[in-house]
Amino acid sequence: MKKYAPVSLVIVFILYMLANIGYFAAVPAADIKESTQLTASLFFTAVFGAHRAVSALNALIAISAFGNIMAVAIGTSRIIRECGRQGILPFPHLWASTKPFNTPLLSYILKWVLTVIVIIAPPQGDAFNFIVDLQSYPANVFSFLLTAGLFLVRRKRKLDGAPKPEFQAWSFVLVFACAVNVYLLVLPWVPPVTGIYGGDVSFFYATYCIAGLGILGIAGFVYFLWIYALPRLGGYRIRQQVDELSDGAKTLKVVKVPVSELKQWDRTHDENGMVVSR
């Protein structure tokens with residue numbers, strides 16, 4: 001990560017810059033401004049001709065789409081696995097397992113099923129556009145909290161006297177990422193120039209933002225009931241316990257510890273659920 005992540009970002013940045021330079025070198029700026037086509041279409045037509053441009057562009061779009069699908073599938077499947085490993089999803093052992101192909105198969109299956117449902121179930125038009133928009137806003141909220149949460153983690157590690165980690169993102173990069181996430185959270189609320197019904201759906205343009213926040217609110221309420229309210233009413237507290245699977249993967253499971261045994265539990269387990277000698 002320390003070596004190859006910056007190298008990858010620099011390579012991608014250079015390629016993007018060269019692509020834009022290539023566009024303006026082959027296509028006049030006036031044509032780009034006046035055309036309703038993709039700039040890539042104008043570029044390939046100018047360089048290869050109309051017939052060859054269509055074939056070449058379609059092939060590159062297919063390759064790019066395949067790469068994006070692979071990246072999203074790999075990334076989101078591991079996010080789902082990590083959520084399952086924390087014990088906040090049912091059957092954490094199944095989510096954490098990497099059998100039989102040394103990969104989180106259950107997470108891939110869930111991602112595939114949800115993708116198929118989104119493609120097949122909603123009718124075209126408003127319903128499909130709304131579902132596509134809906135997933136973006138909670139994802140931006142998650143990205144913002146994830147980035148801002150790193151500062152809280154660093155502060156806690158400093159207060160605990162923990163050593164500085166071997167790999168740590170630069171603070172100015174985190175600040176920039178937070179600013180970008182704030183921009184992505186605020187901008188969707190700005191009305192389109194054509195009015196409040198001028199979005200990609202025929203109803204209120206920011207309905208997906210409201211629905212996304214509502215879903216997060218419901219999830220937060222359920223979490224509050226599960227982790228705080230019900231334990232206080234039931235005379236127990238929620239703790240996490242580390243389990244190791246046969247393939248070496250580790251997972252956490254949520255356990256109910258009676259209040260009368262809470263002090264003993266906290267003495268014999270650290271905050272991550274590992275058994276310690278005290």
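The values are calculated or read from the model by the stated rules, or taken from the named source; none is laboratory data. Quick caveat: nothing in here was measured; it's all calculated off a predicted structure. A quick note on method: Cβ atoms are made from the backbone with ideal geometry, for glycine too, and the neighbour counts reach across all protein chains shown. Note: areas computed on protein heavy atoms with side chains; ligands, DNA, RNA excluded. Shrake-Rupley method; radii C 1.70, N 1.55, O 1.52, S 1.80 Å.
Summary table
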item: Set of lysines near residue 156 by C-alpha distance (under 19 Å), chain-local residues within fewer than 8 positions excluded; result: 164
item: Qualifying aspartates and glutamates (Cα of each under 18 Å from Cα of residue 250; at least 8 residues distant if same chain); result: 82, 270, 271
item: Relative contact order [Cα under 8 Å, 6+ residues apart], the chain, whole percent; result: 15
item: Helix-only CD estimate at 222 nm, as mean residue ellipticity for the chain, using -39500 (n - 2.57) per DSSP H run (n ≥ 4); result: -21000 deg cm²/dmol
item: Whole-angstrom gap from region 35-102 to region 227-253, using each part's C-alpha centre; result: 34
item: Matching label, Cα extents along the principal axes in Å computed from the structure shown, candidates (i) 84, 42, 37; (ii) 77, 46, 40; (iii) 88, 55, 39; result: (ii)
item: Percent carbon-and-sulfur accessible area, region 1-156, ignoring ligands, DNA and RNA, probe 1.4 Å; result: 74
item: Scattering curve values for region 186-271, log₁₀ I(q)/I(0), Debye with Cα scatterers, q = 0.14, 0.21, 0.27 Å⁻¹; result: -0.70, -1.01, -1.20
item: Extension gain (nm, one decimal) between residue 115 and residue 34, 0.36 nm per residue minus Cα-Cα; result: 25.5 nm
item: Net charge over other residues, Cβ less than 11 angstrom from the Cβ of residue 111 (K, R count +1; D, E count -1); result: +2
item: Percentage relative contact order, region 1-125, counting C-alpha pairs under 8 Å, at least six apart; result: 12
item: Highest-first arrangement of 128-134, 36-42, 160-166, where packing means the average Cβ count within 10 Å; result: 128-134, 36-42, 160-166
item: Signed unit charges on C-beta, dipole axis of the chain, positive-most listed residue 168, 23, 72; result: 168
item: Span-rule helices in the chain, defined as complete DSSP H runs reaching 30 Å or more along the axis (Cα) with Kyte mean at least 0.5; result: 4-26, 50-85
item: Accessible area (Å², 1.4 Å probe, nearest 10) - residue 193; result: 150
item: Accessible surface, region 160-199, averaged per residue in Å² (probe 1.4 Å); result: 77
item: From the C-alpha gyration tensor of region 20-166, square roots of 5λ in Å; result: 40, 24, 17
item: Counted charge near residue 259, where neighbours are those whose Cβ lies closer than 14 Å (Asp, Glu -1; Lys, Arg +1); result: +3
item: Neighbourhood charge, 15 Å Cβ-Cβ cut-off, centred on residue 198 and excluding it, Lys, Arg +1 and Asp, Glu -1; result: -3
item: Heavy-atom accessible area order for 34, 261, largest first, 1.4 Å probe; result: 34, 261
item: Average Cα contact separation per residue, region 144-278, under 8 Å, 6 or more apart, as relative contact order %; result: 12
